[in-house]
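Beneath this line is the structure, given in structure tokens, with notes to follow.
The values are calculated or read from the model by the stated rules, or taken from the named source; none is laboratory data. What you see is a predicted model, and the numbers here were worked out from it, not measured in a lab. Here the Cβ positions follow ideal geometry from the backbone for every residue, glycine too, while neighbour counts run over all protein chains shown.
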Amino acid sequence: MDYREEIKELREKLAEHGYRYYVLDDPIISDREYDLMNRRLEELEAEHPEEITPDSPTQRIGGKILQGFSPYTHEAPLESLQDVFSAEEVAEFCERMEENLGLFAEYSVEPKVDGLSVALEYRDGVFFRGATRGDGRVGEDVTENLKTIRSIPMTLPEKLPRLIVRGEVYMARSVFEEINAMRELQGKALMANPRNAAAGSLRQLDPKIAAERKLDIQIFNLQLAEGKSFTSHAETLEYLKTQRFKVIPFKTFSGVSQVQAEIDRINDERMEYPFDIDGAVVKVNSLTDREKLGSTAKCPKWAVAFKYPPEKKPSRVTDIVVQVGRTGVLTPKAVLEPVRLAGTTVTNATLHNQDFITEKDIRIGDTVIVQKAGEIIPEIVEVVRDKRPEGTVPYQLPAVCPVCGAPVRREEDGAAVRCTGAECPAQLQRNITHFASRDAMDIEGLGPAVVQQLVESGLIRNVADLYRLNAPDVAQLERMGAKSAENLIHALEKSKSNDLSKLIYGLGIRQVGEKAGKVLASHFRTMDALMAATEEELTEISDVGAVTARCIVEYLGSSQSRDLIRRLKEAGVNMESTAKLVDDRFAGMTFVLTGTLTRFDRKTAQSMIEDRGGKAAGSVSKRTTYVVAGEAAGSKLKKAQELNVPVLSEDEFAKMLE
């Protein structure tokens with residue numbers, strides 16, 4: 001490939017991956033892959049300086065301001081670090097320092113936290129403002145979210161006129177695992193890794209969400225201290241400890257051999273830190289020497305970041321087992337001969353899905369190379385084909401659920417294979433939690449924690465068992481008591497009279513949301529009529545597509561589902577639509593609501609439309625009849641104007657309702 005073409009291709013790839021990593025917080029390659037691509041581009045541009053352009057990824061630090069936060073200009077730029085990948089490069093860095101500073105250069109070595117870099121500004125000893133790194137010079141003001149991090153002091157013992165420190169916000173591995181366990185129970189998408197989870201949490205527009213994520217921080221640099229002077233980096237960190245900051249663990253050394261030994265020690269003990277690390281940082285300790293050395297356009301000359309490669313080791317696949325998650329997804333797992341990786345003993349590795357197994361052709365008996373993805377989840381990188389024993393066969397996921405025996409179905413829009421069983425024990429907690437949720441059966445007091453206790457105590461095995469509960473049994477649960485138990489039984493009794501639409505949604509049929517539940521209840525009027533419907537009859541309904549129709553027929557046609565519905569009916573749960581149309585003035589019309597409504601809340605407005613025979617949609621198209629625009633209406637209003645869709649004010653909409 002011509003060097004010009006290679007430069008062009010590298011720039012395009014780096015721009016795309018940089019956008020996914022820094023802006024979307026959704027990387028699809030590892031940090032190491034990105035770093036090596038960037039290194040290759042730097043080498044090509046060094047060989048052909050005439051090809052360097054201002055928009056090259058090598059000429060900028062990276063990052064963009066996201067909408068929703070005010071820009072913040074860093075008084076002391078938050079520079080990035082030059083990456084090194086080998087002991088030889090560490091030695092070269094130390095040699096350069098000693099050539100410039102003399103033979104007795106001193107270094108600080110610290111673990112490199114894999115999180116989100118921020119600056120914290122204090123005025124007269126009080127936390128004033130905080131911002132993300134952004135492009136190093138301009139970041140995002142995330143002060144309110146930073147205030148939710150309890151390890152950040154709001155006031156300091158010493159009241160300097162101004163103090164700015166730099167730190168790394170992270171999510172502890174234990175917190176990450178706890179949040180993902182809860183998200184799985186609630187049927188939500190899992191977070192990819194602690195770094196992305198921390199970045200996404202800090203960028204939440206609602207500080208309450210950031211507070212729930214239990215973020216933490218490690219302070220690693222003093223940016224500015226008015227009225228104070230220091231001689232070394234170590235001295236600044238010791239001072240910051242006295243100011244009640246959580247400071248990064250660090251040690252100082254002289255000579256490359258000691259520096260490399262510390263880098264190796266941090267790598268050996270990396271799993272003992274509560275946070276993820278992706279390397280170690282080596283810095284010149286003397287602040288005077290740092291000033292003498294200066295910086296390039298991108299990086300300080302007095303520091304480097306040693307990036308650890310993922311540790312890889314061979315093992316053998318002794319078996320492949322299938323687990324069923326709380327959302328019914330079948331996840332294959334390789335059982336491995338024990339192997340020591342990143343400080344822990346690994347005995348299994350996720351295989352993700354059938355496509356992953358097929359692509360790598362992983363078989364029982366294979367010798368495989370294993371590494372830890374993101375230093376947490378063991379994964380198989382490749383199969384050692386020349387060590388494959390005779391007689392192995394390609395692996396296929398089972399056709400039925402290994403837990404309940406119900407048929408499994410692969411989703412048409414993805415790689416997930418899911419159990420179709422309505423009473424699958426593996427999905428029990430998630431199914432009951434959904435059934436009780438506000439938009440479904442709206443059973444007040446029946447949250448995830450109570451559901452978990454009911455399941456673990458053996459009081460319920462499916463949603464129909466909820467209606468057999470009694471107050472004395474429920475009162476035995478932790479933190480319940482007689483009054484809370486009576487309230488729950490009352491809420492269960494009240495839910496029996498819900499409209500059929502809430503029951504349909506509460507059953508958790510794939511592709512059937514709250515709105516589809518209303519459409520189906522309105523069209524068929526009874527559960528018996530819906531259960532008798534064919535795919536063809538379902539697809540004749542304007543809001544039901546072929547995939548949704550198939551999901552409905554599969555679910556309602558299974559013996560587990562029919563038995564569950566029979567027991568719900570015997571328990572007295574309503575099986576008919578109770579919704580009555582006010583009139584049909586909006587028949588055949590589609591409305592889209594946008595902006596902030598002051599006269600109606602959105603759910604009430606949607607119900608008013610549906611009660612008059614209309615449809616409330618979420619997006620604007622040529623088929624939209626009216627757009628109702630409240631205050632601060634945005635992109636939907638603009639699209640309506642582009643498509644010449646009539647726009648109503650709230651007053652005009654209210655007149656149509658009269």
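Couple of notes before you dig in:
- Among the residues making up region 618-635, those that are surrounded by 14 or more Cβ atoms within 10 Å (Cβ to Cβ) and either assigned to a helix (DSSP H, G or I) or touching a Phe, Trp or Tyr at 6+ places or on another chain (Cβ under 7 Å) (or both) are Thr625, Tyr626, Val628.
- Looking only at residues of region 517-545 that are over 14 Å from Asp499 (Cβ atoms) and of a type in the set (Gly, Ala, Ser), we find that the one that is modelled with the lowest pLDDT is Ser542.
- Test result for Ser577, within 36 Å of the chain's Cα centre (by Cα), in contact (Cβ under 8 Å) with a residue 60 or more places away in the chain and surrounded by 12 or more Cβ atoms within 10 Å (Cβ to Cβ): no
- Of the strands (runs of 3 or more DSSP E) lying entirely inside region 353-410, those containing at least 3 residues that are farther than 17 Å from Gly325 by Cβ span 367-373, 377-383.
Quick grid of which residues meet (1) outside the structural domain of Leu336 (by TED's automatic domain parsing); (2) among the small types (Gly, Ala, Ser); (3) within 16 Å of Val317 (Cα to Cα):
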position: His352; (1), (2), (3): no, no, yes
position: Asp355; (1), (2), (3): no, no, no
position: Lys360; (1), (2), (3): no, no, yes
position: Asp366; (1), (2), (3): no, no, yes
position: Gln371; (1), (2), (3): no, no, yes
position: Ile377; (1), (2), (3): no, no, no
position: Glu382; (1), (2), (3): no, no, yes
position: Thr392; (1), (2), (3): yes, no, yes
position: Pro402; (1), (2), (3): yes, no, no
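- Among residues of region 570-605, those that are within 18 Å of Ile541 (Cβ to Cβ) and of a type in the set (S, T, N, Q), counted: 2
- Residue among Ile489, Ile432, Ile443 that is surrounded by 15 or more Cβ atoms within 10 Å (Cβ to Cβ), part of a loop (DSSP other than H, G, I, E, B) and β-branched (Val, Ile, Thr): Ile443
- Within region 68-101, considering residues that are in contact with a helix residue (DSSP H, G or I) (Cβ under 7 Å, 6 or more places away or on another chain) and modelled with pLDDT under 90, the one surrounded by the most Cβ atoms within 10 Å (Cβ to Cβ): Leu101
- Number of the condition not met by Gly588 [criteria: (1) over 25 Å from Ala521 (Cα atoms); (2) over 37 Å from the mean Cα position of the chain (by Cα)]: (1)
- Output for region 198-227, where each listed residue is under 17 Å from Ile179 (Cβ atoms) and in contact with a Gly (Cβ under 7 Å, 6 or more places away or on another chain): Ala198
- Between Gly328, Gly294, the distinction of being on the phi > 0 side of the Ramachandran plot and within 30 Å of the chain's Cα centre (by Cα) belongs to Gly328 only.
- Here Val282 clears all of (1) in contact (Cβ under 8 Å) with a residue 24 or more places away in the chain; (2) farther than 24 Å from Glu33 by Cβ except the condition numbered (2).
- Residue match in region 545-567 (condition: surrounded by 15 or more Cβ atoms within 10 Å (Cβ to Cβ), assigned to a loop (DSSP other than H, G, I, E, B) and out of contact with any Ser or Thr (no Cβ under 9 Å at 6 or more places or on another chain)): no
- Matching residues in region 177-210 - criterion: being surrounded by 17 or more Cβ atoms within 10 Å (Cβ to Cβ), in contact (Cβ under 8 Å) with a residue 60 or more places away in the chain and either part of a helix (DSSP H, G or I) or over 14 Å from the mean Cα position of the chain (by Cα) (or both): Glu184, Leu185, Pro194, Arg195, Asn196, Ala198, Ala199, Gly200, Leu202, Ala210
- Matching residues in region 102-115 - criterion: being closer than 28 Å to Ser254 by Cα and touching a helix residue (DSSP H, G or I) at 6+ places or on another chain (Cβ under 6 Å): Ala105, Tyr107, Ser108, Val109, Pro111, Asp114
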